[in-house]
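Here the structure comes first, spelled out in structure tokens, and everything after it is commentary.
Values quoted throughout were computed directly from the atomic coordinates according to the rules given, and no laboratory measurement underlies them. In this text, all values refer to a predicted model and were calculated from it rather than measured experimentally. A quick note on method: Cβ atoms are made from the backbone with ideal geometry, for glycine too, and the neighbour counts reach across all protein chains shown.
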Amino acid sequence: MLHNALEKMKYVFGPVSSKRLGQSLGVDLLPPKSCTWNCLYCQLGKTRQFVTERQEFFPREEILKEIREALTVNTGLDWITFVGSGETMLYQGIGWLIAEVKKLTAVPVAVITNGSLLYLPEVREELLQADAVLPSLNAGSEALHAEIGRPAEGLTYRQHVEGLVAFRREYTGQLWIEVMLLGGINDSDEALRDLAAVLKEINPDTVHIVLPTRPAPEHEIRLPSNERIERAIAILSEVTTVVHPLKGNMDLRSAPDLLKAVTAIISRHPVQQRELQKAIADCFGGESEMEAAFMQELLATGQFKLVEHGGEPYWVMVHDDPVQP
Ligand code: SF4
């Protein structure tokens with residue numbers, strides 16, 4: 001019933017389960033792909049035409065109506081997350097939506113953004129009521145920022161950092177900066193030290209290191225080695241609290257239907273085999289026969305397959321082409 005109701009929705013999806021946000025109802029505010037950047041690692045493919053002007057792409061009342069409906073059929077949500085097929089803050093009126101959602105529910109609101117528009121006072125203002133904001137910062141220098149994010153003309157690195165610094169000063173909610181760690185690109189000691197210096201200036205609540213677990217259509221992206229991940233954590237931890245990308249992790253123990261919960265997660269993003277095994281093992285309290293039976297059940301659905309990426313096996317949906325997401 002729940003799935004049927006949500007399948008018909010245009011803006012609302014999920015709930016999806018993630019390490020950072022638990023059970024999260026997603027709200028996508030943008031036509032694909034509308035972005036200010038053209039990241040090397042983007043799963044949505046190349047930004048064919050940059051969008052830098054903010055617009056109300058879809059009527060805000062329509063989006064709110066869907067959120068209201070989704071809230072009537074969902075319980076046990078940890079977050080409502082605004083995220084876009086591109087840069088979320090391009091949606092003009094997101095501040096109004098956050099305020100309206102807060103009148104409907106006590107479920108906290110998160111916004112995932114690349115942060116490129118935070119230099120605009122009106123954008124920062126619209127975000128003040130969010131409970132958590134997760135902007136990106138992948139580099140500690142203009143050159144590396146340009147190499148990774150390939151932003152639209154006129155959007156400079158300094159502007160990006162100054163936007164983040166200004167937002168931190170004004171915002172009392174949780175500021176969780178996401179660092180996409182790319183093997184051979186921003187995982188050297190030098191790049192990490194530059195990044196740490198800028199993070200110190202921004203002063204976020206935490207930094208979440210995220211990994212390119214899905215190959216980008218446009219560019220060959222490598223996962224960083226475990227040694228580089230540990231090094232990144234050590235260097236960035238000197239200036240802020242860092243959330244490990246491989247620990248902490250998927251918790252499925254309270255899922256009412258384990259198969260459905262796993263399906264919902266893998267349909268949104270590939271899941272590392274070892275991470276999934278650990279989460280399943282936690283559910284069955286170390287009963288390895290039950291664990292093996294569940295994995296068999298999972299394969300028998302015919303919906304999933306294992307693919308290798310960066311030397312690690314990942315579960316993906318069968319219809320997912322890992323090279324052309
Ligand atoms: S900011 Fe996000 S949507 Fe935009 S290009 Fe980068 S990864 Fe893709």
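Data overview
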quantity: Residue among ILE202, LEU236, PHE13 farthest towards the positive dipole end of segment 2-248, charges placed on Cβ; calculated: PHE13
quantity: Overall form of segment 2-248 per C-alpha gyration tensor (a/c, 1.5; a/b vs b/c); calculated: prolate
quantity: Cβ-derived FRET efficiency at R0 35 Å, ASP189 paired with GLU69, nearest 0.05; calculated: 0.10
quantity: Ranked packing of 34-41, 62-69, 51-58, 94-101, most packed first, by mean Cβ within 10 Å; calculated: 34-41, 94-101, 62-69, 51-58
quantity: Free-standing Cys, the chain [no other Cys Cβ under 4.7 Å]; calculated: CYS35, CYS283
quantity: Across LYS10/LYS33; LYS10/LYS278; LYS19/LYS103; LYS200/LYS278; LYS10/LYS260, pairs whose alpha-carbon gap is larger than 23 Å; calculated: LYS10/LYS278; LYS19/LYS103; LYS200/LYS278
quantity: ALA292 paired with GLU170, simple spin-label distance in nm, labels 7 Å along Cα-to-beta-carbon; calculated: 5.9
quantity: Peptides 227-235, 18-26 ordered by average Cβ neighbours within 10 Å, highest first; calculated: 18-26, 227-235
quantity: Straight-distance crosslink candidates among aspartates and glutamates, where the alpha carbon sits under 17 Å from LYS65 and sequence neighbours closer than 8 are dropped; calculated: GLU7, ASP28, GLU56, GLU100
quantity: Three-way shape call for segment 29-147 based on the alpha-carbon gyration tensor, with the a/c threshold at 1.5; calculated: prolate
quantity: Extension gain from GLU122 to GLU312, taking 0.36 nm per residue of separation minus the Cα-Cα distance; calculated: 64.1 nm
